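The values are calculated or read from the model by the stated rules, or taken from the named source; none is laboratory data. Worth saying up front: this structure is predicted, and the values here are computed from it rather than measured. Methodologically, a virtual Cβ is constructed for each residue, glycine included, from the backbone with ideal geometry; neighbour enumeration extends over all protein chains shown.
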Amino acid sequence: MRGSEGRPANPVWALILLATTAAAEPFGDSVPMQQRASGNYYVAGTLHGGVRTDFMVDTGSGYVSLSPAVFERLQATAGATFLRYIVGSMANGQTVRVPVYRIPTLELSPECVLQDVEITVMPGSHRNILGLSALRRVSPFALDLQPARLMLSDCTPAAPPLVTARSPGTR
């Protein structure tokens, strides 16, 4: 590998290039991300019961977190099972008591459906967060910014729709 002046390229860059290429192989699925004006990246997802929403990708958050408005939509369609309370630390240092629930599924793509995901509901929040309670289940994972996508491993595809057999003579 040669640099632009015909000299050998820096071997560190060659190793980084090889490591990046090797690291890309374990990812079986990728989900497009969209960067918002805030600079944060979001992915679309579907909660159990067909509740579609956008999630801010946040590797610093321990849980998938829903706004109260999205949680209300989830409860109206499919519900969630209450598990426990935790004490959450907010970015401003404030601590709050937060309920933790389990939802049956969280679909990030047709090829990546997570089962039995723990979520929290953050009082007063207006955004949904894709945190480590989901991301650790699809690890290793990586963020690629050109194009913006979340690369995932160890995904389970959505179950195919049930096909029911018709008896002869029925329409």
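Consider only pairs whose beta carbons are under 9 Å apart and that are at least six residues apart or on different chains; among these, list those whose first residue lies in the range 63-80 and is under 15 Å from V100 (Cβ atoms) and whose second residue is assigned to a helix (DSSP H, G or I) and among the hydrophobic types (A, V, I, L, M, F, W, C).
Listed pairs, sorted by first residue: Y63/L132; Y63/A134; V64/L132; V64/A134; V64/L135; L66/L74; A80/F71; A80/L74.
Of the numbered conditions (1) farther than 17 Å from M56 by Cβ; (2) surrounded by fewer than 18 Cβ atoms within 10 Å (Cβ to Cβ); (3) not hydroxyl-bearing (S, T, Y), E118 satisfies every one except a single condition; which is it?
All conditions pass for E118, except number (2).
Filter the range 76-97 down to the residues that are at negative phi and modelled with pLDDT under 90 and list them by number.
The answer is A76, T77, A78, G88, S89, M90, A91, N92, Q94, T95, V96.
Can you tell me which residue within the range 96-115, out of those that are farther than 18 Å from R52 by Cβ and touching a Gly at 6+ places or on another chain (Cβ under 6 Å), is surrounded by the fewest Cβ atoms within 10 Å (Cβ to Cβ)?
Here the answer is V96.
What about L83, is it within 15 Å of V64 (Cα to Cα), out of contact with any helix residue (DSSP H, G or I) (no Cβ under 8 Å at 6 or more places or on another chain) and not β-branched (V, I, T)? Give the steps one after another, and end with the answer.
Values: within 15 Å of V64 (Cα to Cα): yes; out of contact with any helix residue (DSSP H, G or I) (no Cβ under 8 Å at 6 or more places or on another chain): yes; not β-branched (V, I, T): yes.
Yes.
Would you confirm whether any residue within the range 122-139 is over 26 Å from P26 (Cα atoms), at pLDDT below 95 and of a type in the set (S, T, N, Q)? Give the steps one after another, and end with the answer.
First pass over the range 122-139, keeping only residues over 26 Å from P26 (Cα atoms): 122-128.
Next cut, at pLDDT below 95 only: 122-127.
Of the ones still in play, those that are also of a type in the set (S, T, N, Q) are 125.
Among the residues of the range 122-139, at least one is over 26 Å from P26 (Cα atoms), at pLDDT below 95 and of a type in the set (S, T, N, Q), which makes the answer yes.
Which pairs have Cβ atoms under 6 Å, sit 6 or more apart or on different chains, and link a residue in the range 30-42 that is in contact (Cβ under 8 Å) with a residue 40 or more places away in the chain to one that is among the charged types (D, E, K, R)?
S30/R149; P32/R149; M33/R149
Does G49 qualify as being in a loop (DSSP other than H, G, I, E, B), buried (at least 16 other Cβ atoms within 10 Å of the Cβ), free of Cβ contacts under 8 Å to residues at least 60 places away in the same chain and within 19 Å of the chain's Cα centre (by Cα)?
Numbers: in a loop (DSSP other than H, G, I, E, B): yes; buried (at least 16 other Cβ atoms within 10 Å of the Cβ): yes; free of Cβ contacts under 8 Å to residues at least 60 places away in the same chain: yes; within 19 Å of the chain's Cα centre (by Cα): yes.
Judged against the criteria, G49 is a match.
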